[in-house]
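What follows is a single structure, written as structure tokens, with notes after it.
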Amino acid sequence: MQNSTVEEWSLFKSWLDLNAPETAAAVLPPVTSEVRDRHLSAIPMAIHPDLKSFYSLSDGTARLTEGGAPAAFLPPRYAPYGIERVVRAYAHMLDTVAYEVENGRSSLTIGLVAHREWLPFAASSSGDELVLDHRQGETYGAVLEFDESKGGYVPVWTSFRKMLAEINSAVLGRGTAGRYRARIGSESSSLEWYHPRFP
């Protein structure tokens with residue numbers, strides 16, 4: 001039987017507390033349910049249950065520093081947005097969609113670089129984002145990352161819960177999470193990710 005998003009996050013946070021305290025310290029406690037729901041109500045679509053579950057447990061992380069550590073604990077270098085930043089990132093996504101439509105490029109870009117039903121929820125220090133797909137269909141709930149070789153966003157995990165489950169396996173030394181392996185920084189007690197080909 002699969003663990004829920006709440007169970008996977010609890011396992012991961014417990015591991016961070018014991019093994020990567022600098023990263024654990026970057027994880028923010030949740031805001032109140034009233035604050036969370038007020039912010040999420042600004043997004044005109046039903047938020048996927050996985051993401052709502054996560055924001056009932058944490059308000060993302062502290063702002064990223066150059067390089068990402070210790071807050072960038074999602075492979076390979078992403079830090080989850082706080083709830084206010086999610087709303088701002090989604091507003092920017094809508095602005096991007098509107099701009100592309102206005103300039104006659106929607107057929108080349110909508111569903112590749114932007115979409116009204118994509119919700120950004122994490123970023124790297126260089127500004128790259130992870131988005132959660134809210135389009136109905138086989139990719140509903142998938143975690144997407146921009147792939148330069150394909151010129152658009154592609155699924156990396158089939159769900160937010162699956163992403164956490166892979167992370168939990170990887171930090172215990174059982175395989176990879178999104179092609180990356182886990183380690184504790186040599187000069188800090190933060191979680192880092194590296195590609196097996198480039199240790």
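The values are calculated or read from the model by the stated rules, or taken from the named source; none is laboratory data. The shown structure was predicted, so the numbers you read here are calculated from the model rather than taken from an experiment. We place every Cβ from the backbone using ideal geometry, glycine too, and count neighbours over all the protein chains shown. Side chains are part of the model used for accessible areas, which takes the heavy atoms of the whole protein and leaves out ligands, DNA and RNA. Shrake-Rupley method; radii C 1.70, N 1.55, O 1.52, S 1.80 Å.
When E102, E34, E84 are screened for being surrounded by fewer than 16 Cβ atoms within 10 Å (Cβ to Cβ), of a type in the set (D, E) and touching a His at 6+ places or on another chain (Cβ under 8 Å), only E84 passes. Among the residues of segment 33-61, those identified as farther than 20 Å from K13 by Cα and in contact with a strand residue (DSSP E or B) (Cβ under 9 Å, 6 or more places away or on another chain) are I43, M45, I47, H48. Determine, yes or no, whether Y194 is under 27 Å from K13 (Cα atoms), in contact with a Lys or Arg (Cβ under 8 Å, 6 or more places away or on another chain), open to solvent by 20 Å² or more (accessible area, probe 1.4 Å) and in contact (Cβ under 8 Å) with a residue 12 or more places away in the chain. Here the answer is yes, as Y194 does meet what is asked.
If you go through segment 52-75 and pick out every residue that is touching a Phe, Trp or Tyr at 6+ places or on another chain (Cβ under 7 Å), on the phi < 0 side of the Ramachandran plot and either modelled with pLDDT of 95 or more or aromatic (F, W, Y) (or both), you end up with 3. For segment 117-140, filtered to residues that are among the hydroxyl-bearing types (S, T, Y) and modelled with pLDDT under 95, the residue that is most open to solvent (accessible area, probe 1.4 Å) is S126. Filtered by the rule that a residue be over 18 Å from E129 (Cβ atoms), surrounded by 13 or more Cβ atoms within 10 Å (Cβ to Cβ) and either of a type outside the set (A, V, I, L, M, F, W, C) or touching a His at 6+ places or on another chain (Cβ under 8 Å) (or both), segment 141-178 gives T158, R161, K162, E166, N168, S169, T176. Residues in segment 93-108 that are under 22 Å from the mean Cα position of the chain (by Cα) and free of Cβ contacts under 8 Å to residues at least 24 places away in the same chain: L94, D95, T96, V97. For I184, the stated conditions do not hold, so it cannot be described as buried (at least 19 other Cβ atoms within 10 Å of the Cβ) and of a type in the set (V, I, T).
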